[in-house]
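*Asks:* I am attaching a structure below and will ask some questions about it afterwards.
Only the coordinates and a few stated rules stand behind these numbers; no lab work does. Bear in mind the structure is a predicted one, so any value in this text is a computation, not a measurement. Using ideal geometry, Cβ is built from the backbone for each residue, glycine included, and neighbour counts are taken over all protein chains shown.
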Amino acid sequence: MVDFVNYLLSKAPGTIADLDNEVRISHSSGKVSVLWKNRGIPVPSDLDQLKDFYSSYLGASLFSSVFKICSISDNLKRGDVKVVFSIATLQQVILDERVRFPSDSIPFMTQAGIGYYALGPDGTIHEWDTEEAALTGRFDGLCQIVDEWAMAIEQP
């Protein structure tokens, strides 16, 4: 995976603020992406296919929370407000909502108004649509999901 911040800027230009615990991108569209820096927390082996992302970042809120990539540690907060779930918290949400991902998949991301994403053991990312209550997509990687979203919002 290319450097994720540069990749996001290629999809939605903006300016970067490299802060102590996070990288904040103010996109020209007015949306904001925040990536919390990983300060040495090891990436769980079942997330190896996302290791490039998680080696650098604990989690992220992209494009003003359109996508939330869950944290490999604790819930990520801004003050007292929980901004991004931990993977453990998302796993409980998935159970409560009876989402059915293929076995051994690890839920790791949400998309506002769409649903959830889980990494399968083969590296495939599965999409669960909450409105249809079904698996509706398969992706080869995180960038493919963002690419599809970026193309969709460009449509007139």
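*Asks:* Scan segment 25-53 residue by residue and report those that are crowded, with 16+ Cβ neighbours inside 10 Å and within 18 Å of Arg78 (Cα to Cα).
*Replies:* Scanning segment 25-53 gives Ile25, Val32, Ser33, Val34, Leu35, Trp36, Asn38.
*Asks:* Can you tell me which residue in segment 51-92 is nearest to Gly120 (Cα to Cα), limited to those that are among the charged types (D, E, K, R) and in a strand (DSSP E or B)?
*Replies:* Filtering first and then ranking leaves Lys68.
*Asks:* Being within 21 Å of Val43 (Cβ to Cβ) and either among the small types (Gly, Ala, Ser) or outside any loop (DSSP other than H, G, I, E, B) (or both) is the filter here; which residues of segment 93-121 pass it?
*Replies:* Ile94, Ser105, Ile106, Pro107, Phe108, Met109, Thr110, Tyr116, Tyr117, Ala118, Leu119, Gly120
*Asks:* Right, another one. Could you pull out the residue among Leu142, Leu76 that is within 19 Å of Pro42 (Cα to Cα), among the hydrophobic types (A, V, I, L, M, F, W, C) and in contact (Cβ under 8 Å) with a residue 12 or more places away in the chain?
*Replies:* Within the list Leu142, Leu76, the selection yields Leu76.
*Asks:* Just to check your reading of the model, which residue among Ser65, Ser71 is closer than 23 Å to Ser29 by Cβ, touching a residue at least 24 places away in the same chain (Cβ under 8 Å) and among the hydroxyl-bearing types (Ser, Thr, Tyr)?
*Replies:* Just a single option satisfies the conditions, and that option is Ser65.
*Asks:* From the list Ser86, Ser103, pick out the single residue that is exposed (fewer than 14 other Cβ atoms within 10 Å of the Cβ) and not acidic (Asp, Glu).
*Replies:* Ser103
*Asks:* Identify the residue in segment 107-135 that is among the hydrophobic types (A, V, I, L, M, F, W, C) and crowded, with 21+ Cβ neighbours inside 10 Å and, among all such residues, is nearest to Gln49 (Cα to Cα).
*Replies:* Leu119
*Asks:* Within segment 36-55, can you find the residues that are out of contact with any strand residue (DSSP E or B) (no Cβ under 7 Å at 6 or more places or on another chain) and basic (Lys, Arg)?
*Replies:* Across segment 36-55, the qualifying residues are Arg39, Lys51.
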